[in-house]
Structure formats: C-alpha cells, structure tokens
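Worksheet: the structure to be examined is printed underneath.
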Amino acid sequence: MTQTGNEPSFRESVDLMVDKAMTAMKLDEGTALAIKSCNAVLQVKFPVKIRGKIEVFTGWRATHSTHRLPSKGGIRFAPHADQDEVEALAALMTYKCAIVDVPFGGSKGALMIDPTQYDRDEMEMITRRFTLELVRKGFLSPSTNVPAPDIGTGQREMAWMADTYKHLHPDDINYVACVTGKPVHHGGIQGRVEATGRGVQYALREFFRHAEDVKKANMSGSLDGKTCVIQGLGNVGYHAAKFLSEEDGVKITAIIERDGALINDDGLVIEDLYQHVNQHKTIKNSPSASFEEDGKAVLEKECDILIPAALESQITLENAGQVKAKLIIEAANGPITFGADEILNKKGVIIIPDAYANAGGVTVSYFEWIRNISHIRFGRMQKRHDELRGHQMAAMLEEVTGSKVSDSLKHAATKGADELDLVRSGLDDTMREAYQQIRNTLEKEENVHDLRTACYFTSIKKIARSYIDVGVF
Ligand code: NAD
C-alpha cells in the first residue's frame, strides 16, 4: 500500500523530506539519527471467534518518540495497513506535535481489517481485544501512549477502547484520558470530530492573509470564489469541504471518492452530497453533478486548490506532472510522494504540508486530554462571569452615552464563551501561530526553499532543542 512503483516507501519518503530540512539546518549526525529513529514498534497477532470460526488479526502500535509524554497518534482500521506505514505515520506525529506546540511525542497504530466485513458487535469484540493487547504491552495509557481516531475509526471505537482500559485499570482516576476523540458524553470534547477539517480551513485562511504567499501560488485576493477539488469525503474531507464552501465562499468543483468522482463546475452542495453518500453508500447517481468513473484522474483537474484528504501516495511520479492545481494542502498524511514533491516544487505549485495542515486533530485532542486530566469542561468556571461582565459593560455604555445598545450587539457582547467557542479559538490561534513560524523560517533561512522543508526545519529545531537540553539517557 505504501510503495508506488519504484518510488521510496512512505516511511522512506518522510525520511527523505526530513533529511532535506536536517541538511539545511546542518544538524549533527547523532542528534539527527536520534530524532529520526522509531523508538519502539509493537506487532500483535490475536485470535477472535467470529461467526463460530477463529480469525487471527494483526495490529501495530509504533512509538516514534518519547521526548514528551504521552506519545500521541491515531489508530487506523484498514485492510492494507502495514508496519512501514505505521512507522511513517508515527514519525509524522512527532514533527506535527512539535510544529503546533502540542507537548506530546509521536505514535501511530493500525489494525489490518476491512471494517465493512463485520457487524457492530463483531467490531466491538475485535476492538476491545486489540485494546487489551495494547494495554497489557504498555502501548496504551493516559500518561504514556494515547490513541485517537484515524481512517476507519471514530468516536465509537474510542469509547470502546476507553471502556476496556477502565476495566483493566479501575483505580486510574485519569482513565478517560487514555484515548481522545471520544463521544462528548463519554469524556470527549466539543469540536473534536470537526477539528482536522476545521484546522485545514484555518490554515487556508491564514495562508490567504499573506498576499505575498498567495501571489507565489499565482493567485490573488481571498478564498472567496476560489475553485477546489477534494479527494475523500470522510471525516477530514467532508468537514473541510463543508466549512470552506459554506463559510468562505470556496467553490468545490469536484469530490473524488474510492468509487469515482463527482464534478460540478458551478460548485457542489456538500451537505446534500454527504447525505446522498450516507444513504446510498456510493457517490454514484448523485443529482446535479456529473460522474467520472476514473476518480484518480480528477486529481489532475484544473483548480485553484487541491485538497487530498483520503490516503497516502496519491500524487506520485506518475501523475505529479499533470496536476494543475496552484495550491495543494495535504489534509491527508503523506498524499504526495518524495519524487512527486520535487516535481511539483519545480512546477511552482505551492504545497502546505501534512505535518502542519492536518494538525487540527491532534491540537483538539490535546485540549481533550487536558480536559480529561483536569476533570472539568472548558468554560465551566468563567462563562457566567463573562456574561455578567458583558451586561455590566453594556449598562455602563448606556449610562455614559444616554443611548440604548441594540439587542443584537448586547447579545453578542454578553454571550460567555462555551467549550466549542474556546476550542475553535484555541485551534485558530494554533494554526495561525504555526503558519507564521513556518513562513518566518522560509523567509529567513537561505537553504530553505519550500513550505514543507520550512515546516520540518521549524519542528526539528524544537525537538533537537529538547534532546540537546535534556541529553540522552
Ligand atoms: P475516513 O476513513 O473518515 O475518510 C477517508 C475517506 O477517503 C473515505 O470517505 C474513503 O471512502 C475515502 N477513500 C478511501 N480510498 C480512497 C481512494 N482511493 N480515492 C478516494 N477516496 C478514497 O478517514 P479520515 O479520518 O478522514 O482520514 C483521512 C486522512 O486524514 C488520512 O490520511 C488520515 O491519516 C488523515 N488525518 C485524519 C485525522 C482525523 O482526525 N481523523 C487527523 C489527521 C490526519
């Protein structure tokens, strides 16, 4: 799954991209090796009795780094998962956490399974059994290793994992922090489901705040009216498509899914399309859009912005030369191979890299983990206080000016921030801050010529500092 033709594997691709940044910053060989090495990889094989027959499942959890704890990263359930992919994704998590200043190490897990082949009860049994393996072997706990959703997993799986951990460690008061991405009524946080797609939106908004960067991508103006092609209408792709089209005026002209692509140059209505896919389990036969059987070919469609939000290795040596987008934002992990990245850079296509672009998920996971270990919902202490302050300010203004503050202004000024407001505000700030750090590196470092190298450069500088400060043990 991770190897395309004679290109490097996904893990090698990540390493090659990281090497570029390490060379640019002249990092000493020892520190570079320490940062790049994957700390530990667990492979488990476990039997589960399904419909009267024993099946053996294979899963992995890789801990790439532990310079900060816990190590953090999603768990995917996919038929083509393998160890190379898990190690590559774990490494990306190390760099991702550092770039958005989330104080975690990097980890990732996978179970080789096609979830569509099992019913709900079977999936619960398999997930709980996999969790048992991870907990028993020290690869899942609130203080050392905290999974989250990824491809093929969501709130449901996270709730099963947290519950299994609780039964194994009933005396751990922080048990609920052992995974993030849980349902809100089981210790989750408002805004986690939308977080990665929302982060992609905030990243694009920040990019378009910098006119020089927009100009480098051969565009001008704001997001409003820009055309966009999205691959993958899952958690990340759906939320990115929805928010960009409904809130920023972006025209989504094509959605690529595993069974083909839907095209409408006037812009697709994402919510209608999403309902259609949920109901019919396919994007085929959707009204008001034309269908293209060869979905992958639509990655080459003319557009301003291309958002790969499905899988790794989608833009390769084979199709990179034909991609016409001016800006690519990697909502998925590793959608562009190392070779394709070089071709696109030469063509002048601007790439906002995965380690930054999809960091919204881990950022809000960090907020959820803090909420769990502090045992209190964000906003609970100050919301009413802020409302009271707002009322007092409005009354003061009316008294001083002698005129009435309008009801709508009064409502806006007196509304205390709830958890979702605070999560979105924290995420927005994080995405803005990180982009500014990356573009500063790009501006200041003479050996850095693209956003991806600038992103790794910025991130590795922070990680190296922590290795150098603390030393190795
Ligand atoms: P998901 O399972 O919810 O969605 C993936 C979507 O891609 C599905 O709709 C699937 O049908 C589609 N797809 C699969 N194969 C395809 C193909 N060949 N062509 C086109 N579409 C295809 O997964 P997700 O959580 O949205 O994750 C998508 C990507 O984002 C992954 O690379 C994941 O690692 C990354 N990511 C996810 C999160 C998160 O919070 N969920 C966070 C960071 C990064």
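Values quoted throughout were computed directly from the atomic coordinates according to the rules given, and no laboratory measurement underlies them. This is a predicted model, so every value here is computed, not measured. FYI the Cβ positions are ideal-geometry reconstructions off the backbone, even for glycines, and counts take in every protein chain you see.
Some observations on this one:
- 30 Å Cα-Cα reach of LYS45 towards lysines, excluding residues that sit fewer than 8 places from it in its own chain: LYS36, LYS53, LYS72, LYS96, LYS108, LYS137, LYS166, LYS182
- Overall form of the stretch 318-473 per C-alpha gyration tensor (a/c, 1.5; a/b vs b/c): prolate
- Note on LYS462: aspartates and glutamates with a C-alpha under 14 Å away, same-chain residues under 8 apart excluded, are ASP101.
- Looking at the chain alone, DSSP beta bridges between its own residues are antiparallel in about 50 percent of cases.
- Ranked for footprinting exposure by Cβ neighbours inside 10 Å, fewest first, ARG384, ARG129, ARG61 give ARG384, ARG129, ARG61.
- Reducing the stretch 398-473 and the stretch 232-277 to their Cα centroids gives an inter-centroid distance of 27 Å.
- Projecting the Cα atoms of GLY105, PRO8, SER288 onto the charge dipole of the chain (Cβ charges, centred on the Cα centre) puts GLY105 farthest toward the positive pole.
- Sorted by Cβ density within 10 Å, fewest first, the residues THR58, THR63: THR58, THR63
- For the set LYS215/LYS347; LYS26/LYS324; LYS242/LYS301, the pairs lying more than 24 angstrom apart at their alpha carbons are LYS26/LYS324.
- Across the stretch 89-227, the relative contact order, built from alpha-carbon pairs under 8 Å that are at least six residues apart, equals 15 percent.
- Among the GluC sites (Glu not before Pro) in the stretch 365-450, those located in a DSSP loop and surrounded by at most 10 other Cβ atoms within 10 Å of their own Cβ are GLU446.
- Segment GLU292-GLU212, extension gain: residue separation times 0.36 nm, minus the distance between their alpha carbons: 25.2 nm
- Volume per residue that the Cα convex hull of the chain spans, once the total is divided by residue count, Å³: 176 Å³
- Partner lysines for LYS284 [C-alpha distance under 16 Å; skip if fewer than 8 residues away on the same chain]: LYS296
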